[in-house]
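Enquirer: Got a structure for you, written out below as structure tokens; questions coming shortly.
The values are calculated or read from the model by the stated rules, or taken from the named source; none is laboratory data. Remember, it's a predicted structure, so these values are computed and weren't measured experimentally. Surface accessibility is based on the protein's heavy atoms, side chains included, excluding ligands, DNA and RNA. Shrake-Rupley method; radii C 1.70, N 1.55, O 1.52, S 1.80 Å.
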Amino acid sequence: MKDINITVSRHRQKVELLSLLVCFVIAFALNVYAIIAFDGKWSELFWSLGFVVATTAFLYAVWVIVRLIFHFARLLLKRKK
């Protein structure tokens, strides 16, 4: 069997990590907002870190889907011209 090598450029890795970091910051900020808005304990900031990670994954998945839609729309528009 042949080995499959998938290579990703250094620039693409940085862009994806930055996107993931932005999603994490948004999820963390939403958690802080919820603690302030509902007068929660600040210890919940650490206890709900699993939910923050799950929210990060959800936001990143939505971001990937939006980028794929724009990518395919751009491809379709280029073909029509």
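Enquirer: Consider Val8 against the criteria (1) outside any helix (DSSP H, G or I); (2) of a type in the set (Val, Ile, Thr); (3) open to solvent by 100 Å² or more (accessible area, probe 1.4 Å): it satisfies all of them except one. Which criterion is unmet?
Expert: Val8 satisfies all of (1) outside any helix (DSSP H, G or I); (2) of a type in the set (Val, Ile, Thr); (3) open to solvent by 100 Å² or more (accessible area, probe 1.4 Å) except (3).
Enquirer: Val62: of a type in the set (A, V, I, L, M), at pLDDT 95 or above and more than 13 Å from the chain's Cα centre (by Cα), yes or no?
Expert: Working: of a type in the set (A, V, I, L, M): yes; at pLDDT 95 or above: yes; more than 13 Å from the chain's Cα centre (by Cα): no.
No; evaluated as a whole, the condition is false for this residue.
Enquirer: Another one. Only residues that are open to solvent by less than 60 Å² (accessible area, probe 1.4 Å) and not in a helix (DSSP H, G or I): list them for the range 40-73, please.
Expert: Gly40, Ser43, Ser48, listed by residue number.
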